[in-house]
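*Asks:* Dumping the structure here so I can ask a few things about it.
The values are calculated or read from the model by the stated rules, or taken from the named source; none is laboratory data. Please read these numbers as outputs of a predicted model, since none were measured by experiment. Backbone-built Cβ (ideal geometry, glycine too); neighbour counts: all protein chains shown.
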Amino acid sequence: MSATNRRHGAPDANAEAIALFAVLSLAALVLLFTWVPVHVSSWREGHEVPANPFTLVVGLVTGDVAWSSTATVAAVVLGVVVVVLAALSVAALVRLKRRRARVDSAAARMGRGREVAPTSRREVGRTAERLGVSGTPGLVVA
């Protein structure tokens, strides 16, 4: 396979951005899977819980906020919803990827139109005629 990118040196800065995004996404998921179920449980059972998600997580860890069976059911339902949404997203991405033409990554760097016109059969024939080559345009490949 041809290399279209010959850069060497320091790693791409995108790796750090991806790592940061992964950490923030994990933190958001932890908060989502604690805050939503506890608040659903609070709404169903009528007890008070802190509105601040960070205080809520600290309260769950220290035992100041109770995790009930209603919160467990809400967490499972939320997990199922997240998994279904993720599966639908992956299916949509796969479907979109199938529609795109499979083109070589070097195609963007290749010549177009007038740049490659001199290599057409007609132009090669004209050049061969001008140079006095008869019979076949170009070299005979045995």
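*Asks:* Restricting the range 1-41 to residues that are among the polar types (S, T, N, Q) and more than 19 Å from Gly59 (Cβ to Cβ), which is modelled with the highest pLDDT? So that I can check it myself, show each step before the final result.
*Replies:* Keep residues of the range 1-41 that are among the polar types (S, T, N, Q), which gives 2, 4-5, 14, 25, 34, 41.
If we keep only those that are more than 19 Å from Gly59 (Cβ to Cβ) too, we end up with 2, 4-5, 14, 25.
Details: Ser2: 57, Thr4: 61, Asn5: 62, Asn14: 81, Ser25: 93.
So, considering only residues that are among the polar types (S, T, N, Q) and more than 19 Å from Gly59 (Cβ to Cβ), the one modelled with the highest pLDDT is Ser25.
*Asks:* A follow-up question, please. Considering only residues that are of a type in the set (Gly, Ala, Ser) and more than 22 Å from the chain's Cα centre (by Cα), look in the range 68-97 and name the one that is surrounded by the most Cβ atoms within 10 Å (Cβ to Cβ).
*Replies:* Ala71
*Asks:* Of the residues that make up the range 45-66, is at least one modelled with pLDDT of 90 or more and in contact with an Asp or Glu (Cβ under 7 Å, 6 or more places away or on another chain)?
*Replies:* Scanning the range 45-66 turns up no residue that is modelled with pLDDT of 90 or more and in contact with an Asp or Glu (Cβ under 7 Å, 6 or more places away or on another chain).
*Asks:* Identify, by number, the condition in (1) on the phi > 0 side of the Ramachandran plot; (2) surrounded by 10 or more Cβ atoms within 10 Å (Cβ to Cβ) that Gly46 doesn't meet.
*Replies:* Condition (2) is where Gly46 drops out.
*Asks:* Starting from the range 64-78, take each residue that is at positive phi and list its partners that are surrounded by fewer than 16 Cβ atoms within 10 Å (Cβ to Cβ) and among the polar types (S, T, N, Q), counting only C-beta distances under 6 angstrom and pairs at least six apart or across chains.
*Replies:* Note: no pairs meet the criteria.
*Asks:* Can you tell me how many residues in the range 59-108 are in a helix (DSSP H, G or I) and in contact with a Pro (Cβ under 9 Å, 6 or more places away or on another chain)? Walk me through how you get there before you give the answer.
*Replies:* Within the range 59-108, the subset in a helix (DSSP H, G or I) is 59-62, 69-99, 105-108.
Cutting the leftovers down to in contact with a Pro (Cβ under 9 Å, 6 or more places away or on another chain) gives us 59, 70-78.
Final tally of qualifying residues: 10.
*Asks:* When only residues in the range 49-67 that are small (Gly, Ala, Ser) and loosely packed, with under 15 Cβ neighbours inside 10 Å count, which is nearest to Val38 (Cα to Cα)?
*Replies:* Filtering the range 49-67 for residues that are small (Gly, Ala, Ser) and loosely packed, with under 15 Cβ neighbours inside 10 Å, the one nearest to Val38 (Cα to Cα) comes out as Ala66.
*Asks:* Same structure, new question: For residues that are among the aliphatic types (A, V, I, L, M) and in contact (Cβ under 8 Å) with a residue 40 or more places away in the chain, tally how many sit in the range 30-63.
*Replies:* So the first thing to find is which residues in the range 30-63 are among the aliphatic types (A, V, I, L, M), and the list is 30-32, 36, 38, 40, 49, 51, 56-58, 60-61.
So of that shortlist, the ones also in contact (Cβ under 8 Å) with a residue 40 or more places away in the chain come out as 32, 36.
Residues in the range 30-63 being among the aliphatic types (A, V, I, L, M) and in contact (Cβ under 8 Å) with a residue 40 or more places away in the chain: 2 in total.
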